[in-house]
Structure formats: C-alpha cells, structure tokens
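Notes follow the structure.
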Amino acid sequence: MIAKKRVWVGIFTLSIALILAGVAYGALGDRTLSQGSRGPEVTELQKRLASLGYVVGKVDGIYGTKTKAAITRFQRERGLKVDGMAGTQTIKELKLMTGNSTNASGKSVGPKNVDINLLARCVSAEARGEPYVGQVAVAAVLLNRLEDPAFPNTIADIIYQPLAFSSVADGQINMAPTSSAVKAAQEAVSGVDPTGGAIYFFNPAKTKNKFIWSRPQIMQIGNHMFTR
C-alpha cells in the first residue's frame with residue numbers, strides 16, 4: 001500500500017512539474033513578461049521588437065533592462081499603458097504589427113515588417129557602399145535561406161542566427177537603413193534575385209575562412225562574392 005501510494009505521489013509530482021513547465025514556457029502571449037523573465041517567449045518578443053527597429057541588445061531570451069526599455073518605448077509610441085511589461089494588450093499590439101506576410105512566390109517570409117524593416121537594416125549594415133544591384137543581391141541571399149532547410153524559417157531567425165552576420169555582433173543592425181537598402185529589400189521581396197540562388201556572400205579581401213571559400217562560387221558583385 002505504501003509503495004503504491006509513493007507511485008501515485010510521484011506521478012502527481014511529475015504532472016505538476018510538467019504543467020508548470022508548460023506555463024513557464026508557452027507561446028508568446030500566454031503569460032505576462034517582465035524584467036527577469038526568461039525563455040523562448042522572451043526570445044520571440046525580442047525578435048519582434050528588433051524587427052520593428054527597437055534596440056533590445058542581445059537576443060538571448062532574457063528580459064533585461066534593454067528589453068524593458070524597448071517595451072516601454074513601444075508602449076509609449078503605440079498609446080498603450082506604459083509599465084515596461086509585456087502584458088496582453090502590449091503583446092496583442094506587437095503581434096498585430098508583426099503579422100505574417102508572403103513573398104512574390106507565396107512563401108511566408110516571416111513578420112510583415114521584417115520584410116522591409118529588418119531586412120533593409122541588414123542589407124544596409126552588410127552592403128552599405130555596395131552598388132545597388134549588390135544590395136538587392138544581399139537581400140536575395142537572406143530570402144533564399146528561407147527556402148533552404150539548413151537555415152531557420154524566418155528572416156529574424158536567419159539574421160539573428162549566432163555568428164551569421166557581423167553587423168549583428170557589432171550593433172550596426174540597429175542603425176536606420178539607407179533609402180537604397182529599403183528599395184533593395186522591396187525589390188528582393190518582390191522576387192528579384194541577381195545571384196541566381198546564392199545562400200552565402202562574403203568579401204574576398206576580408207576573410208580567409210576556409211568554409212566560405214569552399215562554397216561553389218556563382219558571381220562577384222561589387223566587393224561581395226556570392227556562393228551556394
């Protein structure tokens with residue numbers, strides 16, 4: 001009897017732990033997030049804020065002071081209650097502004113504002129000073145990665161993939177994009193791809209990375225080599 005009771009106590013304890021785990025790590029909007037919160041919902045929150053141009057610092061799933069400041073600014077600019085916490089109304093508004101969109105072929109390309117905003121910021125940071133066609137090409141590489149199972153399936157995840165882009169590491173991703181980068185992002189989203197399917201680009205004069213040099217080269221545009 002005692003052994004059986006212990007089994008039931010163990011099952012009950014495990015069930016409670018699983019329920020609590022589900023509560024702690026649900027979808028964005030399942031719980032109010034505030035400074036000190038951690039988990040995948042915070043990561044999604046940070047990516048959505050970053051896609052709209054808000055500076056959140058490192059996208060690490062930790063609701064720190066920079067994420068709180070970004071939420072506070074977002075709330076103030078959207079006419080929401082300013083408390084620095086991501087509650088129901090704040091998350092609802094954030095999701096509304098970062099809903100899904102599709103590219104010219106009908107494939108989902110992640111949050112709608114990412115298509116032009118975050119994509120353009122990455123193009124601007126990575127290809128500032130390059131010829132316009134080279135900027136379109138960089139945007140096309142990012143979109144091509146959506147089609148490749150080796151990469152994440154949203155633009156935000158692709159750009160913020162660890163070590164993927166130096167502009168994320170040095171903070172240039174947070175700078176306002178140039179007008180040409182915005183136009184280039186729009187053109188790439190419409191389906192234009194000068195590279196013919198490249199999924200990597202690099203500056204031959206600035207890297208000796210063996211992996212990137214081993215990729216099949218397609219063409220060079222400006223200072224960037226585009227590869228498969």
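The values are calculated or read from the model by the stated rules, or taken from the named source; none is laboratory data. Everything quoted here is computed from the prediction, not taken from an experiment. FYI the Cβ positions are ideal-geometry reconstructions off the backbone, even for glycines, and counts take in every protein chain you see. Surface areas here come from the heavy atoms of the whole protein model, side chains and all, with no ligands, DNA or RNA. Shrake-Rupley method; radii C 1.70, N 1.55, O 1.52, S 1.80 Å.
In whole angstrom, segment 43-92 maps to an equivalent ellipsoid with semi-axes of 16, 10, 10, each derived as √(5λ) from the alpha carbon gyration tensor and ordered largest first. For segment 124-164, carbon and sulfur atoms together expose 56% of the accessible surface, with a 1.4 angstrom probe and every protein chain in place. Evaluate the Debye formula for segment 130-210 with equal point scatterers sitting on the alpha carbons, no solvent, and hand back log10 of I(q)/I(0) at q = 0.14, 0.17 Å⁻¹, in q order, two decimals. Results for segment 130-210 at q = 0.14, 0.17 Å⁻¹ read -0.48, -0.73. Each Lys or Arg adds one and each Asp or Glu takes one away; over the other residues whose Cβ falls under 13 Å from the Cβ of PHE202, this sums to +3. Straightening the chain between PHE211 and ALA150 buys 20.5 nm, computed as 0.36 nm per residue apart minus the Cα-Cα spacing. Near PRO162: Cβ cut-off under 13 Å, other residues only, Lys/Arg at +1 and Asp/Glu at -1. The net charge is -1.
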